[in-house]
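A.B. asks: Have a look at this one.
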Amino acid sequence: MNQAVHFLGLTPDELTSIVREMGAPEYRGRQLFEWLHGRRARSFDELTNLPRPLRAALAERGQIATLAVESRYVSEDGTRRYLLKTHDNLPVETVFIPEERRDTICFSSQSGCPLQCDFCLTAKLGLLRTLTAGEIVEQIVVALNDAYGVGAETPRGTNLVAMGAGEPFLAFDSLTKALRLMAEPKGLHIVPNRVTVSTAGVVPRIRELAHISERPHLAISLAAPNDELRDKLMPINKKWPLAELLAACKDFEHSLKPGERFTFEYVMLDGVNDTDDHARQLANLLNRHQLRAKVNLIPHNPADPLPYRPSPPERVERFKAILEAKGVQSFVRRPRGRDIYAACGQLAARRELNPSGATVPR
Ligand code: SAH
């Protein structure tokens with residue numbers, strides 16, 4: 001651990017031992033946790049019931065806020081995208097998606113991404129750095145404070161998806177610690193049952209996740225129904241091909257609760273992976289493994305350097321109908337925030353403006 005501590009990434013126990021070292025009683029550690037997570041405080045000045053000398057000692061030791069909001073873009077559909085900067089000046093993007101019943105926050109696990117999925121704009125950045133647990137939690141704090149005000153109640157509750165930049169299973173330690181922190185009843189109190197983690201298919205971690213008792217839901221990005229095509233679209237397939245991936249899914253299935261299913265995401269690329277034949281192959285593949293899964297069809301979100309177009313809506317519907325006819329339940333995901341580069345696969349620290357996307361540094 002370096003000199004400057006990021007307090008937002010520490011558990012109540014870790015905070016307690018820090019305040020104890022500073023000569024303060026243990027309950028101050030729990031108070032500190034409640035301020036940072038429960039009330040989403042952003043500065044030491046806000047911690048009004050902590051003694052001034054303790055606040056000063058903490059400020060000397062580390063920071064509460066490390067992510068600076070560089071830009072904030074608002075879509076015509078209400079989705080907000082935050083372009084944040086880490087202390088070492090790397091981009092982190094977070095998306096707040098208001099929905100009728102419950103809001104969803106899509107967070108990033110890495111700055112950039114090392115996987116080279118051919119249809120994803122984030123891939124063009126390469127991996128810049130894996131984020132810390134504190135940096136993951138802080139994205140949620142920033143988004144909630146912006147949506148509802150610092151520390152205010154979140155009226156509709158919040159779902160989280162690890163579907164921003166990066167591969168969450170390559171940030172496994174940060175991710176699992178962040179999930180534990182966020183689940184704390186005195187903190188954000190977003191329990192793992194409200195969280196979905198999406199992976200490109202890091203097989204050993206799928207198995208590892210199954211053994212975590214309070215674990216998030218799992219989504220797996222498939223994008224192709226056979227190895228030949230998946231090797232091209234998602235090079236991670238060369239390391240863990242479909243047979244291994246689906247075997248891991250089969251093992252994971254033992255950890256599903258009654259009624260719980262996992263999700264396969266399938267980005268629909270015009271003329272590439274969206275034919276009737278692909279739909280039949282996909283249904284047969286899933287049926288062969290008898291998986292308790294559903295398929296989310298995601299129309300491709302285009303971006304300049306990407307050599308793909310979204311499948312037309314009729315194609316998506318036809319694909320879905322073929323899956324359903326073969327007993328595979330599927331849903332079409334409505335893209336959100338495309339106009340501000342906030343949709344799946346579009347996070348690559350874009351700065352350009354658009355009609356509704358005023359930037360408001362905060
Ligand atoms: N690395 C993780 C999580 C980030 S991607 C993963 O691969 O699952 C989140 C989802 O967006 C994945 O299902 C991915 O396949 C999809 N996606 C990537 N680029 C996209 C694009 N341009 N249009 C639509 N979906 C895309």
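A.B. asks: Pop a pseudo-label 7 angstrom from the Cα along the beta-carbon direction at both residue 208 and residue 30 and give the gap in nm to one decimal.
C.D. replies: Here the answer is 3.2 nm between the modelled labels.
A.B. asks: Tell me, what HN-Hα J-couplings in whole Hz come from the Karplus equation 6.51 cos²θ - 1.76 cosθ + 1.60 at θ = phi - 60° for each residue of the stretch 153-161, using x for Gly and Pro?
C.D. replies: 4, 9, x, 9, x, 9, 9, 10, 10
A.B. asks: Provide, as a two-decimal number, the C-alpha radius of gyration of the stretch 12-98 over 2.2 N^0.38 Å, N being how many residues it has.
C.D. replies: Ratio of Cα Rg to 2.2 N^0.38 Å: 1.35.
A.B. asks: Still on this model: Enter the accessible area per residue of the stretch 5-63 (Å², integer; probe 1.4 Å; all protein chains in place).
C.D. replies: Values: 2860 Å² over 59 residues.
Result: 49 Å² per residue.
A.B. asks: Hey, what number do you get for the chain at 222 nm if only DSSP H runs of n ≥ 4 count, each worth -39500 (n - 2.57), divided across all residues, to the nearest 500? It would help to have the intermediate numbers written out before the result.
C.D. replies: On the way: 11 runs with 112 residues, N = 362.
Computed mean residue ellipticity for the chain: -9000 deg cm²/dmol.
A.B. asks: Here's a follow-up. Once you have the Cα-Cα distance between residue 280 and residue 148, take 0.36 nm times their residue separation minus that, and quote the gain in nm to one decimal. Numbers along the way, then the final one.
C.D. replies: Working: separation 132, 0.36 × 132 = 47.52 nm, distance 4.52 nm.
That works out to 43.0 nm of additional length.
A.B. asks: With both partners inside the chain, how many of the DSSP beta bridges are antiparallel, as a percent to the nearest 5?
C.D. replies: Of all bridge pairs located within the chain, approximately 40 percent are antiparallel.
A.B. asks: Mind checking the full-extension length gain between residue 89 and residue 329? Use 0.36 nm per residue of separation minus the Cα-Cα distance, one decimal, nm.
C.D. replies: Full extension of this stretch gives 82.1 nm more.
A.B. asks: On a 1.4 Å probe surface of the protein chains, which of 334, 280, 55 comes out largest in accessible area, and what is the full order?
C.D. replies: So the residues, ranked largest to smallest area, are 334, 280, 55.
A.B. asks: Just need the Rg to Rh number for the stretch 101-200, please, alpha carbons only, Kirkwood Rh.
C.D. replies: With Rg and the Kirkwood Rh in hand, the quotient comes to 0.98.
A.B. asks: Taking a virtual spin label 7 Å from the Cα of residue 261 along the C-beta vector, which residues in the stretch 301-338 bring their backbone nitrogen under 16 Å of it?
C.D. replies: Answer for this model: 320-333.
A.B. asks: Over the alpha carbons of the stretch 40-160, what is the largest minus smallest coordinate on each principal axis, giving the biggest first in Å?
C.D. replies: Ordered largest first, the stretch 40-160 gives principal extents of 53, 35, 21 Å.
A.B. asks: Just the number please: accessible area per residue for the stretch 68-340, 1.4 Å probe, all protein chains included, in Å².
C.D. replies: Each residue of the stretch 68-340 exposes 40 Å² on average to a 1.4 Å probe.
A.B. asks: Any chance you could list P(r) for the stretch 215-330, counting all Cα-Cα pairs in 10 angstrom bins from zero, rounded to whole %?
C.D. replies: Pairs per bin, as whole percents: 13, 46, 33, 7, 0.
A.B. asks: Please compute, for the alpha-carbon atoms of the stretch 144-280, the extent along each of the three principal axes and give them in descending order in Å.
C.D. replies: Projected onto its principal axes, the Cα set of the stretch 144-280 covers 50, 33, 28 Å.
A.B. asks: In addition: Highest mean first, what order results for 143-149, 29-35 on Cβ atoms within 10 Å?
C.D. replies: Order by mean packing, descending: 29-35, 143-149.
A.B. asks: Could I ask something else about it? How much net charge surrounds residue 129 when only other residues with a Cβ under 11 Å from its Cβ are counted (Lys, Arg +1; Asp, Glu -1)?
C.D. replies: -2
A.B. asks: Carbon-plus-sulfur fraction of the accessible area of the chain, 1.4 Å probe, in percent?
C.D. replies: In the chain, the share of accessible area belonging to carbon and sulfur is 50 percent.
A.B. asks: With a ≥ b ≥ c the root eigenvalues of the C-alpha gyration tensor of the stretch 5-63, is it rounded (a/c under 1.5), prolate (a/b larger than b/c) or oblate? If you can, show how the numbers build up before the last one.
C.D. replies: On the way: a/c = 1.27, a/b = 1.09, b/c = 1.17.
The shape class here is rounded.
A.B. asks: Sum up the charges of everything whose Cβ sits under 12 Å from the Cβ of residue 77, counting Lys and Arg as +1 and Asp and Glu as -1, but leave residue 77 out. Please list the in-between numbers first.
C.D. replies: Values: positive: 80, 81, 334, 336, 338; negative: 76, 99, 339.
Net charge around residue 77: +2.
A.B. asks: So, one more: Taking the Cα atoms of the stretch 82-153, report the difference between the largest and smallest coordinate on each principal axis, in whole Å and largest first.
C.D. replies: 38, 29, 17
A.B. asks: May I pose another question? Taking the Cβ of residue 325 as the center, what net charge do the other residues with Cβ under 13 Å away carry, scoring Lys and Arg +1 and Asp and Glu -1? Each step should come with its number before you reach the end.
C.D. replies: Working: positive: 280, 318, 320, 326; negative: 276, 317, 324.
For residues surrounding residue 325, the net value is +1.
A.B. asks: Another question, then. What order, most packed first, do the peptides 46-52, 318-324 have when packing is the mean number of other Cβ atoms within 10 Å of each residue?
C.D. replies: On the way: 46-52: 13.4, 318-324: 18.3.
Going from most to least packed, we get 318-324, 46-52.
A.B. asks: Any idea what the dipole of the stretch 202-341 comes to, in debye rounded to 20, about its Cα centre with Lys/Arg Cβ at +1 and Asp/Glu Cβ at -1? It would help to have the intermediate numbers written out before the result.
C.D. replies: Details: 23 positive and 19 negative charges, 59 e Å.
In debye, rounded to 20, the stretch 202-341 gives about 280.
A.B. asks: If the rule is a partner Cβ under 4.7 Å, which cysteines in the chain fail it?
C.D. replies: So, 106, 113, 249, 344.
A.B. asks: Let me ask something additional. Return the subset of 124/250; 85/124; 85/239; 124/177; 177/257; 232/257 for which the Cα-Cα distance in this structure is over 26 Å, preserving the input order.
C.D. replies: Numbers: 124/250 32 Å; 85/124 18 Å; 85/239 32 Å; 124/177 28 Å; 177/257 22 Å; 232/257 34 Å.
Pairs exceeding the cut-off: 124/250; 85/239; 124/177; 232/257.
A.B. asks: Then there's this: Using C-alpha positions alone, give me the convex hull volume of the chain per residue in cubic angstrom.
C.D. replies: For the chain, the hull spanned by Cα atoms encloses 136 Å³ per residue.
The values are calculated or read from the model by the stated rules, or taken from the named source; none is laboratory data. What you are looking at is a predicted structure, and each value in this text was computed from that prediction instead of being measured. Please note: Cβ atoms are built from the backbone with ideal geometry, for glycine as well, and neighbour counts cover all protein chains shown. Calculation scope for accessible area: heavy atoms of the full protein, side chains included, ligands and nucleic acids excluded. Shrake-Rupley method; radii C 1.70, N 1.55, O 1.52, S 1.80 Å.
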